[in-house]
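The values are calculated or read from the model by the stated rules, or taken from the named source; none is laboratory data. None of these values were measured; they are calculated from a predicted model. Glycine gets a Cβ as well: all are built from the backbone with ideal geometry, and neighbour counts include every protein chain shown.
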């Protein structure tokens, strides 16, 4: 979604700092634009997409050549990592980071989401854009709606039965539950087809079915049923875990806007609800650039390689305005997120 255009409309570059919540963002936006950090990096993404495609082809070839051997399962973790890389490319396409052409962005999203992952691009894009518009807002962000996990004490109070047990233990169960996320994402995609317009639904459904058919054909023609099931289980579980590790540090345990309270402007809404993760090139690669969550939320269409360059500008601007800019190490980011989930479930453990 080209959200930078929407931000420009809401906060024109001529505004001044410190007058209204909206005007706080305008000088930062102007600086980022002047530095060229919103310009697309077509060459960078072309290399990223090509490298990922070649790596996927190599793993598929390896599965076919090794065939009916337990050694083939060693390729499942590799495929899981590459699936996460594929998801990151689909994520960037959904934010128009790769190109400003909506049709090309959608095509890239359909290929990397529906065809290569079996995950609906339309479903994810709709859900993710609503999250970006109102991060951590209990009434508007679909990522903090009470479901398997809950994120506020008010949500916890309404739990009963098995879900009550889940909430009591959700901090301990979080990472084990992410092992199911790869399959859950596929199921949600198929369920969402009913929401989509007929033409969009046809393209999405065709590519989802094509993925399932190709995946099943590869495994069942290369190995026995038992080995195929073991490979699929390991691949999907590690894929879900990788995504969970990439998304867990971003917002859990951060500020949650009061639905009835003061309305924040774009800068505070995105900065106060997001957490960055410190690290170098390996962290950037492992988390797909999502470790710069603050910069990504402020400038959703900013190309991934520019997020690191924008970070010192954003940090300095927040410091000048006295706005808290949260940044921590990778392990501590998980600790903070799990601590929050543990505290939410605390009242149910002391009854």
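Odds and ends about this structure:
- Inter-residue pairs, beta-carbon under 6 Å, first over 25 Å from residue 234 (Cβ atoms) and in the stretch 183-209, second assigned to a loop (DSSP other than H, G, I, E, B), 6+ apart: 192/120; 201/193; 204/120; 205/193
- Evaluated against (1) modelled with pLDDT of 95 or more; (2) surrounded by 16 or more Cβ atoms within 10 Å (Cβ to Cβ); (3) over 14 Å from the mean Cα position of the chain (by Cα), residue 107 falls short on exactly one condition, (2).
- Looking at 101, 169, 114, 134, just one residue is surrounded by fewer than 21 Cβ atoms within 10 Å (Cβ to Cβ) and modelled with pLDDT of 95 or more, and that residue is 101.
- The set of residues in the stretch 210-225 that are surrounded by fewer than 17 Cβ atoms within 10 Å (Cβ to Cβ) and under 13 Å from residue 110 (Cβ atoms) contains only 210.
- Residue pairs whose Cβ atoms lie under 7 Å apart, separated by 6 or more positions or on different chains, with the first residue in the stretch 27-49 and closer than 16 Å to residue 308 by Cβ and the second at pLDDT below 95 and assigned to a helix (DSSP H, G or I), are 38/4.
- Among residues of the stretch 266-295 being assigned to a helix (DSSP H, G or I) and without any contact (Cβ under 8 Å) to a residue 40 or more places away in the chain, the one that is nearest to residue 151 (Cα to Cα) is 294.
- Residues that are touching a strand residue (DSSP E or B) at 6+ places or on another chain (Cβ under 9 Å), crowded, with 18+ Cβ neighbours inside 10 Å, closer than 30 Å to residue 333 by Cβ and in contact (Cβ under 8 Å) with a residue 40 or more places away in the chain occur at least once in the stretch 243-265.
- Considering each residue of the stretch 96-104 in turn, none proves to be touching a helix residue (DSSP H, G or I) at 6+ places or on another chain (Cβ under 9 Å), part of a helix (DSSP H, G or I) and in contact (Cβ under 8 Å) with a residue 12 or more places away in the chain.
- Restricting the stretch 266-317 to residues that are surrounded by fewer than 17 Cβ atoms within 10 Å (Cβ to Cβ) and under 15 Å from residue 91 (Cα atoms), the residue that is farthest from the chain's Cα centre (by Cα) is 305.
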